[in-house]
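Notes follow once the structure below has been shown.
The values are calculated or read from the model by the stated rules, or taken from the named source; none is laboratory data. Keep in mind the model is a prediction, meaning the values are calculated, not measured. Quick reminder, even Gly has a Cβ in these numbers, built from the backbone with ideal geometry, and neighbours come from all protein chains shown. In case anyone asks, the SASA skips ligands and DNA or RNA and just uses the protein heavy atoms, side chains included. Shrake-Rupley method; radii C 1.70, N 1.55, O 1.52, S 1.80 Å.
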Amino acid sequence: MFNALTDVVVGLFEFIVDVVLFRRQRCKRGHSERAFSEDAGEIARFDIVTLTSIGLASVALMIFLSFVVGVSMGWSVGVGVGVGVVWGVWRYMQMVEGR
């Protein structure tokens, strides 16, 4: 029970820190101030929708490379993780720029 409560508190703290850092990045890039709730909604959508779809696409790429193309498991995992990281950073930078 204590572990679940700790996970909830840490998750909430992490989300708040993500929103604050996102707001600071946008401010340093010269974007106008928005409401905290708008930025929280953007971060929540990014965490839930964007990262989930990137993760599923990366897993599909790993499975395709491993079972269809015949690439070794290590290389397929490496390529899948690499593509997911690059795609995630690219989407985050688009979100910071306001696109």
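Among rounded, prolate and oblate, which fits the chain when a ≥ b ≥ c are the square roots of the eigenvalues of its C-alpha gyration tensor, a/c under 1.5 means rounded, and a/b larger than b/c means prolate? Oblate. Using a cut-off of 14 Å between beta-carbons, work out the net charge of the residues near Gly30 (Lys and Arg +1, Asp and Glu -1, Gly30 not included). Overall, the nearby charge balance is +4. With 0.36 nm allotted per residue and the present C-alpha distance subtracted, the Val9-Trp90 stretch has 26.3 nm of extension available.
Could you tell me which of rounded, prolate or oblate describes region 1-57, using a ≥ b ≥ c as the square roots of the eigenvalues of the alpha-carbon gyration tensor, with rounded for a/c under 1.5 and, failing that, prolate when a/b is larger than b/c and oblate otherwise? Verdict is oblate for region 1-57. In this structure the chain gives 70 Å² per residue of accessible area when probed at 1.4 Å with all protein chains present. Which GluC sites (Glu not before Pro) from region 13-83 combine a DSSP loop assignment with at most 11 other Cβ atoms within 10 Å? When the GluC sites (Glu not before Pro) of region 13-83 are filtered for loop state and at most 11 Cβ neighbours within 10 Å, Glu33 remain.
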